[in-house]
Amino acid sequence: MKMRQMWVWMLLMALAFVNDRSHCCLDEERISLLEIKAWFNHAGAPGSKYLEGWDKEDFNCCNWDPHRVVCDNTTNRVIELQLSSVNYDGLKAVEDLDLNASLFLPFIELEILDLSVNQLVGGLKNQEWLIYKSVASDNFRSGFQVLSSGLRNLKELYLSYSKFNDSILSFFSGFSTLKSESSGFNGFQVLASGLRNLKELALSYNKLNDIILSCLDGFSTLKSLYLSSNRFTGSTGLNALPCLEEVFLDYSSLPTSFLRSIGPLSTLKVLSLAGVDFNSTLPAQGWCELKNLEQLRLSRNNLKGVLPPCLGNLSSLQVLDLSDNQLEGNIALSHLSHLTQLEYLSLENNYFQVPISFGSFMNLSNLKFFACDNNELIAAPSFQPSAPKFQLLYFSASNCTTKPLKAGFPNFLHSQHDLVFVDLSHNKFVGEPFPSWLFENNTKLNRLYLRDTSSIGGPLQLPQHPTLTLQTVDMSGNNIHGQIARNICSIFPSLKNFMMANNSLTGCIPPCFGNMSSLEYLDLSNNHMSCELLEHNLPTVGSSLWFLKLSNNNFKGRLPLSVFNMTHLDYLFLDGNKFAGQVSGTFSLASSFSWLVISNNLLSGMLPRGIGNSSLNSLQGIDLSRNHFEDLRYVHLYRNQLSGPLAYDFYNLSSLVTLDLGDNNLTGPIPNWIDSYSELSIFVLKSNQFNGKLPHQLCLLRKLSILDLSENNFSGLLPSCLSNLNFTASDEKTWVNTFTMTEDDGIRKDIFGNVAFYLDIRSLSPEISVKIIVELTSKKNLYTYEGDILRYMSVMDLSCNRFTGEIPTEWGNLSGIYSLNLSRNNLTGLIPPSFFNLKQIESLDLSHNNLNGRIPEQLVELTFLEVFNVSYNNLSGRTPEMKNQFATFDESSYKGNPLLCGPPLQNSCDKTESPSARVPNDFNGDGGFIDMDSFYASFGGCYITVVLTIAAVLCIYPHWRRRWFYFIEECIDTCCCFLAINYPKLSRFRR
């Protein structure tokens, strides 16, 4: 029987060998890829590890790495090579890499070659290519001259972030098919002669000088030119580009003469010169002749003086950005009023005098965006037009009055009906009542900033009709008094950010705030509000509120329980009030707090004892001073020298969200009272000496999302009840949010159209900096996670323990988990097929156990999986199909399983699966349906024929003969390895 199986096995292997060779990529291209890999390895490139899948024993190089090597489906020739960032190591310095251009010559059908971010250098020394025969007659021409002659189909070449010298670009003329070129080096006098159809040239962020610019005249079809952040000092030669439409020279050192010499470019539509630092006045000629210019950006240039009259000649101008300069003069005397097509005008951070009437802009009917922050508003002339022709979307004039201005809000605002954004903060207008008319007239108003105007007084008078789109109101630092209207929630139903600090408000918080789900930021501090806060005065547990500041009012009574259980509340300031009562029986902190301040109240009581005596890093975010507490607590004690069992003093900490005791010398089992931590979300005991079985009470921690018990001495079976844990991402487990954006970016383009890109993104960010750090082993490496990222982490790490038994099938219900690590235990049995339900998992490590059976085919449906490791088990059968994420896993994911076969392993399933495994037992032996004598005779004849045929072929073709003996040697090595690995196990089994 064994001899028969061996014959069948050898026959099938011979046929598979011949069939496999017929679908391989070309030998010369496969050899070239291996030499490219050796080229990077020899240079010590940090990213050489990305080429580990390039295996000389795998003849089909098209399957090596679909992200870096792309072949034509018909010819099997390589058409795309993505080799970016192989010689790159983040911020660390790497050695320069001499480019061996001849390595790429065999890829004659190559269309895309990406060698960017590799620190390539050199004048390209002569390179000998002794393998590729068609190059032998080229006399080994150097570098790109040889490359351009061989790669006739190349369409895209990427060489940015390299260090080539001036001689390189002279060889680009040979690339007649090149349509897009992105590089980062100097000199291209000959480049234009070969690229006659080039329309876009991007050379930003380099060290180019004027020599480049003097050679631009050859690019007759060029439309877009990106040369930002270079070292230009003189003329550009742009006048010789007849089709040029866009020029970007931002942050390049250009003299003012550039604006005088740019001349009339009839096709130019966009000119961006931000951050050039002209440090002079604007000239009165040259740039003013760009009659068809639509967008002009001159921000951050240290421009001085007044605007020249010729600016009015730019009759097609739609976007003008003059912000962040030192320009001056009365804007009413400029010629901006002649720019009738103007839509976007930014004058921020200059020394302009802007009449508060804005009368000089009344005829600009297309104007939608106007910003003049940090200039000077002045009184308007006596005569003013009745109403402007424009309807603004965006108006910002903050911080424009250094002394009280004898005027109220700009009058033209009364005639505006499309306003979405208004900012008049930090101005000193004459006393004004609350501008309810602004809401009445502009039903699309989204954000209103009137902070610190010192002029708005009287009661908070709301409009009669709802403003459905309003999200942000900031009127802090004014003289508004009275109570907040009880119907504010119905008038502003979409309110997200409501800031009324430093006013004279009285009364209580409207009850409707308790049901306002959209409210995120509420600041009513430093007023005269006084009442006993009840549950219904504040948002409920499921609200979106993340910032609540009620400091320095006269609120009294007991602290409402709901305020400490809000799911998303990060910052809570209740200091400077008259709250009283026993705090120990009043509240337990919710999990999301990042800053809690309830100092200067009348609270008393005792916090849990024992923990408050330790030095706790996390306490910097909690201020309970000026009360009558006897202890203080938080539990984040990783990497100390703590010893002994988990003390009973921890029992009463029912509000714990993070318990990190990792990297200590703690011993004993996990106590049965662990379920008292009902709010626990992060539980880290790694690198201690805990032992015993996992208690079933651990399964009752329903909010747990990070469980790290690795590197301990836990034993016993894995609790199946852990499947009850949700392991889902949640805002409850992190307490860091120091930069929370308040803008709804999703509507910005819809509202502001094409100018949305230029709008400043405003945010509400508490001036508090706190951090919480958790170290986790995920995706084979140790990572330190801190801040917001912890919200989205859901991890279970039980590695490096002594767990036994099978992996519970029920664990397939952990659908929200991102990382599961069970490596280095003594687990047995099968990999549960139910794991295909772990749809969010990114890292699954089951290595170094005693698992057996097949790998479930269903796992290929885990489309987010980035790390998969089942090495060093007793698995058998075929590896999962190489599709989806499994196409990215290499041999290291499966090694140490001698009975596994299929790609990416070298073991073919035809030689590892025995015939008995594929033929039913009912058809074997004497009782089967086959005449065994006839079978043996026919089989012997066929076998002898096949063997003689193979022998003849091997005699005729020496190359195949060498490959055959190599294959036999490999089989022998495989058998030896199998016996060496399994013999100790068999010995133990017999004992």
### Task
Answer with yes or no whether THR804 is of a type in the set (Val, Ile, Thr) and open to solvent by 50 Å² or more (accessible area, probe 1.4 Å).
yes
### Task
Looking at (1) open to solvent by 10 Å² or more (accessible area, probe 1.4 Å); (2) modelled with pLDDT under 90, find the lone condition where ASN374 falls short.
(2)
### Query
In the range 453-471, what residues are touching an Asp or Glu at 6+ places or on another chain (Cβ under 8 Å) and either surrounded by fewer than 18 Cβ atoms within 10 Å (Cβ to Cβ) or assigned to a strand (DSSP E or B) (or both)?
ILE456, GLY457, GLN464, HIS465
### Query
For the range 527-553, what are the residues that are assigned to a loop (DSSP other than H, G, I, E, B), modelled with pLDDT of 85 or more and open to solvent by 60 Å² or more (accessible area, probe 1.4 Å)?
HIS528, ASN552
### Message
Residue pairs, Cβ under 9 Å, 6 or more apart or interchain, first in the range 225-239 and closer than 8 Å to LEU249 by Cα, second modelled with pLDDT of 75 or more and β-branched (Val, Ile, Thr). List them.
### Response
TYR226/VAL247; LEU227/VAL247
#### Entry: Residue within the range 385-393 that is in contact (Cβ under 8 Å) with a residue 40 or more places away in the chain and open to solvent by less than 10 Å² (accessible area, probe 1.4 Å) present
no
#### Entry: Search result, residues across the range 807-850 that are open to solvent by less than 10 Å² (accessible area, probe 1.4 Å) and β-branched (Val, Ile, Thr)
ILE807, ILE817, ILE831, ILE841
### Query
Given (1) open to solvent by less than 30 Å² (accessible area, probe 1.4 Å); (2) in a strand (DSSP E or B); (3) within 22 Å of PRO808 (Cβ to Cβ); (4) not charged (D, E, K, R), where does GLN697 come up short, assuming only one miss?
(2)
### Query
If only one of ASN349, ASN313, ASN239 is within 25 Å of ILE378 (Cα to Cα) and open to solvent by 10 Å² or more (accessible area, probe 1.4 Å), which one is it?
ASN349
### Task
Would you check if there is a residue in the range 397-416 being more than 23 Å from GLU294 (Cα to Cα), buried (at least 18 other Cβ atoms within 10 Å of the Cβ) and aromatic (Phe, Trp, Tyr)?
yes
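Being among the basic types (Lys, Arg) and at pLDDT 85 or above is the filter here, so list the residues in the range 554-569 that pass it.
Listed by number, the list holds a single entry, LYS556.
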### Task
Please go through the range 410-457 and pick out each residue that is among the hydrophobic types (A, V, I, L, M, F, W, C) and in contact with a Ser or Thr (Cβ under 9 Å, 6 or more places away or on another chain).
PHE412, VAL420, PHE421, VAL422, LEU424, PHE429, VAL430, PHE439, LEU445, LEU448, LEU450
### Message
Please list, ordered by residue number, the strands (runs of 3 or more DSSP E) wholly in the range 753-871 having 1 or more residues that are at pLDDT 90 or above and among the acidic types (Asp, Glu).
### Response
795-797, 802-806, 843-845
### Query
Can you name the residue in the range 872-913 that is of a type in the set (A, V, I, L, M) and open to solvent by 40 Å² or more (accessible area, probe 1.4 Å) and, of all such residues, is farthest from GLU806 (Cα to Cα)?
MET882
### Query
So which of LEU495, LEU534, LEU505, LEU519 ends up being closer than 22 Å to TRP546 by Cα and over 35 Å from the mean Cα position of the chain (by Cα)?
LEU534
#### Entry: Residue within the range 580-594 that is open to solvent by less than 50 Å² (accessible area, probe 1.4 Å), under 32 Å from the mean Cα position of the chain (by Cα), within 19 Å of ALA501 (Cβ to Cβ) and at pLDDT 50 or above present
no
### Summary
When the range 325-346 is checked residue by residue, the ones that are touching a Gly at 6+ places or on another chain (Cβ under 9 Å), assigned to a helix (DSSP H, G or I) and open to solvent by less than 20 Å² (accessible area, probe 1.4 Å) are LEU336
### Query
Inside the range 22-70, can you point out the residues that are under 20 Å from LYS883 (Cα atoms), open to solvent by 60 Å² or more (accessible area, probe 1.4 Å) and within 31 Å of the chain's Cα centre (by Cα)?
TYR50, GLU52, ASN63, PRO66, HIS67
### Residues that are surrounded by fewer than 22 Cβ atoms within 10 Å (Cβ to Cβ) and out of contact with any strand residue (DSSP E or B) (no Cβ under 6 Å at 6 or more places or on another chain), drawn from the range 700-713
LEU700, LEU701, ARG702, LYS703, GLU711
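The values are calculated or read from the model by the stated rules, or taken from the named source; none is laboratory data. All values reported here derive from a predicted model rather than from experimental measurement. As a convention, Cβ positions derive from the backbone with ideal geometry for all residues, glycine included, and neighbour counts pool all protein chains shown. Ligands, DNA and RNA are stripped out before the accessible areas are found, and what is left, the full protein with its side chains, is counted by its heavy atoms. Shrake-Rupley method; radii C 1.70, N 1.55, O 1.52, S 1.80 Å.
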